[in-house]
Structures are given as C-alpha cells and as structure tokens.
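Please treat every number below as a calculation from the coordinates, not as lab data. All values derive from a computational prediction rather than experimental measurement. Cβ sites come from the backbone with ideal geometry, for glycine too, and all protein chains shown count toward neighbours.
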Amino acid sequence: MGDIQFGRNQNGAPTMTSGDARFRPFASQLVSDIQTYAPDCLELLQCIDDVMSGRSDYEEYEGNSAVVRCTPTGVSVDSLGPVPSGASYTVDEARTVILAYFDFLAPSPEEKKRHLATWEREHGGPFPGRHLLRLPG
C-alpha cells in the first residue's frame, strides 16, 4: 500500500497530499466527514472491530460526503456526491488509512490520549481498539 500523507490546504482544511490514488475515496471521506474531529477516527475503528469480532454483522458510518460500510469481507466507501462512486478495501487497508489520519490529527501521544478520553466519555467505556493507537502505558 502506498504511503498515505495528509496535510492542510491554504485555508487550513485537511487534505490528502500524497499516496496511492486508490485510497483517495477513503481519504476524501475522512477529510470531508471527520474533518478535524479525531474521535470519529476511533468511531470508524470501532465499527470495523464490532464486525470483525462478531459483535455485529454490519456497521455503517454516514457523513455528509460518503458512507463507510464495514462487513466481514471488508470496508467500502460510497460517495454521496452528485456523481456516486465507490471503492472497497481490506480491513487492514482501512485500518491503516484511518490510523494515518488519526496520527495526522493527533500527532503526539498527549493529543491521542485526549481524543481517546473524549471518545471514551462519549461512549461510556473504554475503547477496545486502544492497542491500535500505539500509546505508551
């Protein structure tokens, strides 16, 4: 998988700056729908984990620009734009893209912990995918 890099445009909004073009639909969903609210990256990871662990057969995350669908066979991103389009990814590919965006939004361990705490407060419990975030202690 090509190295995915995120950056900011001249107005400070997040964008995908480089990487494998195949991942542009997913990166576009992240920058358009999650924007700068990093706890939603954790929400997407939770959707994947719920399906892969068998807690759910199917999970969906809908934003303004796309719908992310998680199934046991993978993750798809379907654009809600004027010209509908879609792309599919393996679970590992989806996690990699989501984690790259989370790392972009929360580059330090302190920021990651702050966003993790926000997600845990919102959901009333610990984030099961904490090990994916590569946090110390």
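For this structure, a couple of remarks:
- Going from the residue with the fewest nearby Cβ atoms within 10 Å to the one with the most, L44, L105, L99 rank L99, L105, L44.
- Per-pair calculated FRET efficiency, R0 = 25 Å: E60 and T36 via Cβ, rounded to 0.05: 0.70
- For L45, L132, the sequence from fewest to most other C-beta atoms within 10 Å is L132, L45.
- Efficiency of FRET between E122 and R8 - r from beta-carbon atoms, R0 30 angstrom, step 0.05: 0.75
- Relative to the Cα centre, the charge distribution of the chain, modelled as +1 at Lys and Arg Cβ and -1 at Asp and Glu Cβ, gives a dipole magnitude of about 360 debye.
- Percentage relative contact order, the chain, counting C-alpha pairs under 8 Å, at least six apart: 21 percent
- If the Kirkwood radius is taken over C-alpha pairs of the chain, then at 25 °C and 0.890 mPa s the Stokes-Einstein diffusion coefficient equals 162 µm²/s.
- The phi-based Karplus calculation (6.51 cos²θ - 1.76 cosθ + 1.60; θ = phi - 60°) puts the 3J(HN,Hα) values of the stretch 24-37 at 4, x, 6, 4, 5, 4, 4, 6, 7, 9, 7, 6, 10, 8 Hz, whole numbers, x for Gly and Pro.
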